[in-house]
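Accompanying notes for the structure given below.
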Amino acid sequence: MTEEVKTLRDWIINAKKIVFFGGAGVSTESGIPDFRSVDGLYNQKYDYPPEQILSHSFYMSKKDEFYKFYRDKMLILDARPNPAHIALAKLEEEGKLAAVVTQNIDGLHQKAGSKHVCELHGSTLRNYCEKCGASYDIDYMAKAQGVPKCEKCGGDIKPDVVLYEEGLDGSVMEDAAVSISQADVLIIGGTSLAVYPAAGMINYYRGNKMVLINRDSTPKDKMANLIIREPIGEVFSQIMEEI
């Protein structure tokens, strides 16, 4: 265990209100690809750039193309929580962790047992009819052909995820901002802190124990009180063995 990980362990032991802010790197250890790494989605070849496909305007104009990509790359039905997800759920159960604020849409935090999860970008587990509002689960979306249709009214079904050009949910953002502002320890993990407005949420932190766990440098490194360049699942595995 490195000195940095030991410091984080001690901060967690003495913490009263931890908040975790996470991105795609939290789920890569569960087999879910991120977007910006060398082998991420943005570096793979499609008829259209993934960033364009995952935009509101593309969804509205080319739904068939959107769903080809969405089913192929965004619906990961067999993904399971990894040690980071499990550790965070345990810390919440023990009363130490107040909230998870995530940019991920895979639902793995809830699958691991976390209760207070602020999903800034929505979730693939929730889907709704654009016409009547009826709800559908991820299995229905995976099995549907072409553009998923509502069984009740025939309307198009849209994933409850925030696409590019769409705004974040105000109530979710407020919940995340309040949680972060009240934290005594803020652990940031697996995120490049390059996607706004989500990345700006960490500016609400008022404490002096901001931890950044990420393999690469980020624009916010100078704000951190502690930086760890190790896989996030390994970091939490080491810590939880000693708590």
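The values are calculated or read from the model by the stated rules, or taken from the named source; none is laboratory data. Owing to the predicted nature of the structure, the values given are computational and were not obtained by experimental measurement. All Cβ positions, glycine included, derive from the backbone under ideal geometry; neighbour counts span all protein chains shown. All accessible areas refer to the heavy atoms of the entire protein, side chains included, with ligands and DNA or RNA removed. Shrake-Rupley method; radii C 1.70, N 1.55, O 1.52, S 1.80 Å.
Between the Cα long axis of helix 170-181 and the first principal axis of the chain there is an angle of about 10°, rounded to the nearest 10. The phi-based Karplus calculation (6.51 cos²θ - 1.76 cosθ + 1.60; θ = phi - 60°) puts the 3J(HN,Hα) values of the stretch 217-225 at 5, 10, x, 9, 4, 5, 7, 6, 8 Hz, whole numbers, x for Gly and Pro. By the helix-only formula, in which each DSSP H run with n ≥ 4 contributes -39500 (n - 2.57) and the sum is divided by residues, the chain has a 222 nm mean residue ellipticity of -8000 deg cm²/dmol. Pairs of lysine residues in the stretch 74-214 that meet both criteria, 8 or more places apart or on different chains and Cα atoms under 21 Å apart, total 13. Report note on the peptides 144-156, 63-75, 91-103: ranked by the mean count of other C-beta atoms within 10 Å, highest first, their order is 91-103, 63-75, 144-156. Convex hull volume of the Cα atoms of the chain, normalised per residue: 120 Å³. Other residues with beta-carbon under 12 Å from the beta-carbon of S237 carry, at +1 per Lys or Arg and -1 per Asp or Glu, a net charge of -3. Volume of the convex hull of the stretch 34-167 (Cα atoms only), normalised per residue: 123 Å³.
Solvent-accessible area per residue in the chain equals 48 Å², computed with a 1.4 angstrom probe and all protein chains kept. Test of understanding: extend the Cα→C-beta vector of E234 to 7 Å, then name every residue of the stretch 74-110 with backbone N under 20 Å from that spot. 81-88, by backbone N distance to the label point.
Dipole of the stretch 70-217 computed with +1 at Lys/Arg Cβ and -1 at Asp/Glu Cβ about the Cα centre; of M210, V172, Y196, farthest Cα towards the positive end is M210.
The angle separating the long axis of helix 83-93 from the principal Cα axis of greatest extent in the chain is about 70 degrees. When only the Cβ of Lys, Arg, Asp and Glu is charged (+1, +1, -1, -1), the dipole of the chain relative to its Cα centre reaches about 200 debye.
Since only L120, P49, A79 are under comparison, the one whose Cα sits farthest along the positive direction of the charge dipole of the chain, derived from C-beta charges on Lys, Arg, Asp and Glu, is L120.
As a fraction of the 1.4 Å probe accessible area of the stretch 164-206, surface on carbon and sulfur atoms comes out at 52 percent.
The Cα center of the stretch 75-149 and the Cα center of the stretch 49-74 differ in position by 20 Å.
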